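Note sheet for the following structure.
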Amino acid sequence: MPRHDALRSLFDDAQVRPDLLRRRSPVRWGAFPPDVIPLTAAEPDFPGPREVRDAVIEAVADGYFPYASPMGPEELREAFSEVAEARYGIGNHPDRVVPAPGTAAALWGVVRLLCGEGDECIVLDPVDLLFGQAVDAVGARRVHCPVDKSTGQLDTDRLASLVTSRTALICLCNPHNPLGTVFTGTTLRAVEDIAAAHRVPILSDEVWNEIVYPPRAHISMASLDTGNSWRVYTVTGLSKTFALPGLRMGFVIAPTPRAADALRLAFQRLGATYSMTPCTQAGALAALRHGWPWRDAFLEHLRKMRDYCVDRLNAMPGISCGRPDGTYVLFPDVSALGLTSQAMGAFLLAKARVAVVPGTAEWFGPAAEGNVRISYATSRAVLEEALDRVASAVEELVPGGPAALRATGTP
């Protein structure tokens, strides 16, 4: 079998094994009864690249489990820096690379370094909960900047109006979770201009940078040739790209070597040795060197699943779903069905036995109300069954059935 065909077969229906996943995935499959299909956590249902598994096994085969250096091995920082230059246009600067035990930890470290009690931090709304949690933890105040849920676009004039003398950080999520927007160079330059005018640093979460569907292309904020580049902290990782969330593979590209040293100190204050484990470091190096053919096949599968799910959801009465340019989550609008996001999640769990993430302020911010989030990083068979159940359940919410809802002009 040609290698490309062999890689595509890694995402066949048979590769998703619910019985195994219920034992191995406690925050998704293992969190629900056996008859529930969970489309919740943004973690793939497929095994990651074989090269990564082999590297991790080799790293622990001798039985030694030493402490790891917070710096990370030079070989790993160099490999990541080479990838960042080749794929994201960020210059090859290993001395600016700071490994971290996951992108969530990386976000917390950057926020702790740059913000303190009484500061204001601008976060998008809606956006993943990790930003708000990190801001709250340092005693700063969230300032929500709305993102248009129907278009995914950021109003940069509105962003500029929110900057004050107390603004310590602008937080960006690109590609955007949960809307799937991949921001254009024009938008990113406008954000950098705003930040430069007020001398405010930018935290750019780009963990989804490899899950972008052609013809759209990801542009890294730090790759732009602007006067504010030395204030951009880029956070990314390998969990979304290679289906490795449990290995906790995060990286920060600091704007300067001095900033990288300060960030390492902030990490150490968060926890004695705030670093990837040695086996994770081995897995990360294998992914960076050998995992790209796997990623290419994964992205091809995800594009097909995205298109299938979007078409199915838009065919359901009372649901409207945009087609994301990046990520493997959807954020359909369910407000026409007359339930809050929380109630809709509970309804689908009870009636369809399908679990989704409700668009509540807790998860995504105040503007998320009226939506739910769905992860589609699974097999076609799982998605077909889940969406068949959702379609059947949704009909119960429509007085007189789907035809009556269509007659009212609701999409």
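Values quoted throughout were computed directly from the atomic coordinates according to the rules given, and no laboratory measurement underlies them. No experiment lies behind these values; they were computed from the predicted model shown. Neighbour counts run over all protein chains shown; Cβ positions are idealised from the backbone, glycine included.
Values for this structure:
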quantity: Under the Debye formula (equal points on every Cα, no solvent term), log10 I(q)/I(0) of region 149-262 at q = 0.09, 0.16, 0.20 Å⁻¹; calculated: -0.25, -0.78, -1.16
quantity: Nonlocal amide H pairs with residue 119, under 5 Å, H built at 1.01 Å; calculated: 141
quantity: Residues whose placed amide H lies under 5 Å from that of residue 238, excluding near-sequence neighbours; calculated: 249
quantity: Exposure proxy order (Cβ contacts within 10 Å, fewest to most) of 277, 151; calculated: 151, 277
quantity: Kirkwood Rh and Cα Rg combined as Rg over Rh, evaluated for region 66-290; calculated: 0.94
quantity: Most mobile of 215, 47, 317 in a GNM of the chain (Cα contacts under 10 Å); calculated: 215
quantity: The chain, relative contact order in percent, only Cα pairs under 8 angstrom and at least six apart counted; calculated: 22 percent
quantity: Under 14 Å from residue 304, Cα to Cα: aspartates and glutamates that are on another chain or at least 8 residues apart; calculated: 12, 13, 296, 325, 384
quantity: Percent of beta bridges antiparallel (DSSP, the chain, rounded to nearest 5); calculated: 45 percent
quantity: Region 42-98 and region 213-268: distance between their alpha carbon centers, rounded to Å; calculated: 14 Å
quantity: Debye-sum result for region 280-411 in log10 I(q)/I(0), which assumes one identical scatterer on each alpha carbon, at q = 0.13 Å⁻¹; calculated: -0.60
quantity: Estimated vicinal HN-Hα couplings, Hz - region 232-243 in sequence order (Karplus 6.51, -1.76, 1.60; Gly, Pro = x); calculated: 9, 9, 9, 10, 8, x, 10, 5, 6, 5, 10, 6
quantity: Sorted by Cβ density within 10 Å, fewest first, the residues 144, 218, 176, 301; calculated: 144, 218, 301, 176
quantity: Least to most buried among 295, 323 (fewest other Cβ within 10 Å first); calculated: 323, 295
quantity: Projected area, mean over directions - region 3-113, Cα convex hull, nm²; calculated: 10.7 nm²
quantity: Directionally averaged shadow of the chain, computed from the convex hull of its alpha-carbon atoms, nm²; calculated: 20.5 nm²
quantity: Percent RCO, i.e. relative contact order, over region 66-290, from Cα pairs under 8 Å lying at least 6 residues apart; calculated: 29 percent
quantity: Three-way shape label, region 120-192, alpha-carbon gyration tensor, a/c 1.5; calculated: oblate
